[in-house]
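Worksheet: the structure to be examined is printed underneath.
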Amino acid sequence: MSETSKKKRAVLYLRVSSRSQVDTDYDPEGNSIPAQRKACLQKAEDLGFEVLDEYLEPGKSGMTVDGRPKFQEMMARVRNSKDVDAIIVYARSRMHRDTTDAAITRRELRKLRVQLVSIMDYTEDSYIGDLVAAILDGVNEYQSRASGADVAYKLAAKASRGGIPCLAPLGYLNVGEKVDGREVRTIAVDPKRAPFVAMMFELYATGRYGFKDLQRAVTEAGLRTRPRKDVPSGRPVTIETIGRLLRDRRYLGRVVFKGKEYDGRHEPLITQELFDRVQSVLVNQRGAGTRERVYDHPLKGLLWCANCRTRFYLDTVKNRRGLMYSYFLCSGRANKHCQSPRLPVAKMEAAIAAHYATLNVPPSLAGELRAAVDKALREKGLLTASLRKKLEAEHRRLVEQQDQLLDLVGNPAWPQDRLEAKMCRLRDELGSVEERLNEVGDVKVERAGEAIGMLLGLLDDPRRLLKALPEDFHKPFHRSYFKRLLVYVDEATGEPKVSADEISSPFTPLLPERRDHLRPETSKTGPLIATRFSDNAGLAGVTGLEPATLGFGDRCATNCATLLHQPVAWLAATILRAAVRPVQAGWR
């Protein structure tokens, strides 16, 4: 047998844990991989091994074997080809950083009579070698876990101080700033992409853009992601990116980490008011349980069958001549649980328009409500003024105490630790008082009054208002008034009618339960929708009125969205509830 045939054969396994270790040099493999390769080749030559192949795994964690395809490929070769006598690694930590995986691999290699050679670690096929290997594998796992815990702690600390402990979101750049001669990693506004981020929020807040429309608009305007090694010119943003972006609170100047939110050091790209409007549109367009499809309708997601309590969905069909017809079809009928017929879209629209007449507030009652609201606002204003005086007096007292304590700082006769503790308590109390002073401003009471006036104005003739609106605004308009509508088919006329509704939160105090327009047999089908769907009760949907304010002309000012933001909306609702109680008896 020749000398060549007797030569043992080996493969090399090279790994680094993160991509950042690869992207550190002009060489695409960085610095670590070539260094490992050189050392392993030298070791193979010293031991007389013929190197058959190498298995390179850049940017893969050693804590598990599941996410390492090259490792799996290498082990499959060792099992099946039986042409490998040794695996050469730079260090045992390159193979594993988990003691369980290391023990399983070590046992399998021993059965296959394959040697594991580590350049940096003690290697011997004996009981002493097994002991050393077990200790080294345990140390490697400990180091990995300890390093991970240390990194997690430091990331949380950075977030608590207002830093973003990860890659900057679209619209920002990761940069380094010089502070006292040292470089601090932070983020700064990206002048190229930040305007596009604000543009996406502004466009989506109108309620007239879906994710696909938004993607098309910003792509045509020139938005691309940041350059990467594999995509030097960037790529268009995806729909998934847009969905995450519109919910990302970092654009408000906040930092969210591990479920906690902190004030960030970075500059916000949008206002809280704009962010709230976008969240409202997200709820209106997607929170009603509908999905964006080719065929859409403003009533999708609002209509429920009074007979079987399932949702109506939009069904579009094409006749022989190629004309499209749309119907609302009960989901129960599709499942053969209900006999409700298919309802043409035009008839359903007419039924909903007719139902808006039930929202009208009689002029006499509207006058009583306005008088009651005015009285409540005056009383609230007086209470606010009185509370403000008390808070201002408390603020002055705390400032005086703070000044007195400052005079004692540095006085050896006073214990400094107690002074510091007292100063901390005073700062907290001052902050609390200042926050309450901001909350009881007279302006908020006035703005709450304006918001209530707008709500009452919207109930003068909502049916006429719906008819005057452009079709683009019908969807947010419907969702401003209703959360759900229960529909049945009149047996005598065959026409659809609304049997019950669930009013949106802004109108709940003004529109108590109305039963005079309900069909008599509604109670046979179950409780009214307002009681059946009580999970959304409360003030959570107050800002839902905002999209319907677009295009209202002289009836509703364009700043209605601002008037109805929190906490003004909460104040308006509180005043409304207190004001309407005395006139509720005359409502029914």
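Derivation of every value follows stated rules applied to the coordinates shown; laboratory data play no part. Quantities reported herein were computed from a predicted structural model and do not represent experimental measurements. Positions of Cβ are generated from backbone atoms using ideal geometry, with glycine treated the same way; all protein chains shown enter the neighbour counts.
Cα gyration tensor of the stretch 172-270, axes a ≥ b ≥ c as square roots of the eigenvalues: rounded (a/c below 1.5), prolate (a/b > b/c) or oblate?
oblate
Would you list which lysines come within 22 Å of Lys7, measuring only between C-alpha atoms, while excluding same-chain residues fewer than 8 positions from it?
In chain and number order, the partners are Lys38, Lys43, Lys82, Lys111.
Roughly how many nanometres apart are two label points built 7 Å out from the Cα toward the Cβ at Ala91 and Gln401?
Between Ala91 and Gln401, the simple spin-label model gives 5.6 nm.
Would you please give the FRET efficiency between Lys82 and Ser432, computed as 1/(1 + (r/R0)^6) with r the Cβ-Cβ distance and R0 = 45 Å, to the nearest 0.05?
Efficiency at R0 = 45 Å is approximately 0.05.
Report the calculated FRET efficiency for Arg321 and Thr493 (r = Cβ-Cβ distance, R0 = 45 Å), to the nearest 0.05.
It comes out at approximately 0.95.
Which links in Lys192/Lys229; Lys158/Lys229; Lys70/Lys258; Lys347/Lys467 stretch past 22 Å when you go from one Cα to the other? It would help to have the intermediate numbers written out before the result.
On the way: Lys192/Lys229 19 Å; Lys158/Lys229 28 Å; Lys70/Lys258 32 Å; Lys347/Lys467 15 Å.
In this structure, Lys158/Lys229; Lys70/Lys258 exceed 22 Å between Cα atoms.
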